Amino acid sequence: MPLVSIYIPTKNRPSLLLRAIRSVLTQTYKNFEIIVVDDGSDRAVESEIIEKIGRHDSLRFIRNAASRGACQSRNIAIDCAKGKLVTGLDDDDYFHPRRLEMLINAYDSSLSLVPSNFTIIRKGGKREVSSFIPRTINGSVLFTRNCIGNQALFERSRVVDIGGYDESLSASQDLDLWVRLINKYGDAKRIRPALYYMDTNHDLPRITLSEARIQGTQQFLVKHSNSMTRKQYMFKRDYLGVGEKVEGANKYLIGPFKYGVSIGVEMLRNKVKLG
């Protein structure tokens, strides 16, 4: 049973952080450590958490005296992680109780990473469960869509080897990391169960709602443009908010004609869900 390190960057959200930590402590897979990086909170987050749940040998806190951002905080945690395998958790999200168990069962060293489906909790508590078909994923596919999501399981030594998260990007850091891991270490394997809960049912900031997303997409395009076909570049620019935006069903009609059959097929593959 390999040790798994779970990194959680946080700032000024102790109530959400508490839920995230508890979702790890109740995992069916027990050989883990939790590394919380407090990114310059203006309150005593560690003492608040310890007061609520007590001390755990598997739980460590690292504090940034001044805010350094979530991306750098993730790298700080990965650098000091003891586990062979690592995965992340945002402080406003939480795990299904069997997440670690099922990701580890699906992983082998021929894969660069293993993600799962996920559940998005929308405003008002409405739940949208992804059920994308299980599949292998190569780096080129990710230029059409991030069909991995924001968290996955991978080997610590490999992410350290490629330099960790790119701290120069304003957004799309997870997508950029997946592309680099796959390009060096082979395909990813997505499994069907929805094992990650992404909570957007609060008024606190998320990167997906900010101007940083557009800037990060532009930076991603510059960084990876040499690896993309011209049509992949156009698609990424248009559909992720930098260029022309086409909404709804129209994009599945226009896509194959504007961007080519291969991208049209990939758009449909990413749309297909099971059950």
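Within the stretch 94-115, being touching a residue at least 40 places away in the same chain (Cβ under 8 Å), out of contact with any Lys or Arg (no Cβ under 7 Å at 6 or more places or on another chain) and not in a loop (DSSP other than H, G, I, E, B) holds for PHE95, ARG99, LEU100, GLU101, MET102, LEU103, ILE104.
Considering (1) of a type in the set (Lys, Arg); (2) crowded, with 18+ Cβ neighbours inside 10 Å; (3) modelled with pLDDT under 85, the lone condition that ARG237 does not fulfil carries the number (2).
Scanning the stretch 166-180 for residues that are over 11 Å from the mean Cα position of the chain (by Cα) and either within 23 Å of LYS82 (Cβ to Cβ) or free of Cβ contacts under 8 Å to residues at least 60 places away in the same chain (or both) gives GLU167, SER168, SER170, ALA171, VAL179, ARG180. Per the conditions (1) in contact with a strand residue (DSSP E or B) (Cβ under 9 Å, 6 or more places away or on another chain); (2) polar (S, T, N, Q); (3) surrounded by fewer than 22 Cβ atoms within 10 Å (Cβ to Cβ), the sole criterion not satisfied by GLN151 is (3).
Yes/no per residue for (1) surrounded by fewer than 18 Cβ atoms within 10 Å (Cβ to Cβ); (2) in contact with a Gly (Cβ under 8 Å, 6 or more places away or on another chain):
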position: SER15; (1), (2): yes, no
position: VAL37; (1), (2): no, no
position: VAL45; (1), (2): no, no
position: ILE53; (1), (2): yes, no
position: ALA65; (1), (2): yes, yes
position: ARG68; (1), (2): yes, yes
position: LYS84; (1), (2): yes, no
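Got a sec? Which of SER157, SER131, SER109, SER116 is of a type in the set (S, T, N, Q) and crowded, with 17+ Cβ neighbours inside 10 Å? Break it down into steps so the answer makes sense when it comes.
Values: SER157 fails: crowded, with 17+ Cβ neighbours inside 10 Å; SER131 fails: crowded, with 17+ Cβ neighbours inside 10 Å; SER109 fails: crowded, with 17+ Cβ neighbours inside 10 Å.
Criteria check complete, one pass: SER116.
The rows are residues; the columns are (1) over 28 Å from GLN215 (Cβ atoms); (2) part of a strand (DSSP E or B); (3) polar (S, T, N, Q).
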| position | (1), (2), (3) |
| --- | --- |
| ILE120 | no, yes, no |
| SER157 | yes, no, yes |
| GLU167 | no, no, no |
| LEU177 | no, no, no |
| ARG180 | no, no, no |
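The values are calculated or read from the model by the stated rules, or taken from the named source; none is laboratory data. Quick caveat, the model's predicted, so the values are computed rather than measured. Every residue, glycine among them, receives a Cβ derived from its backbone with ideal geometry; neighbour counts consider all protein chains shown.
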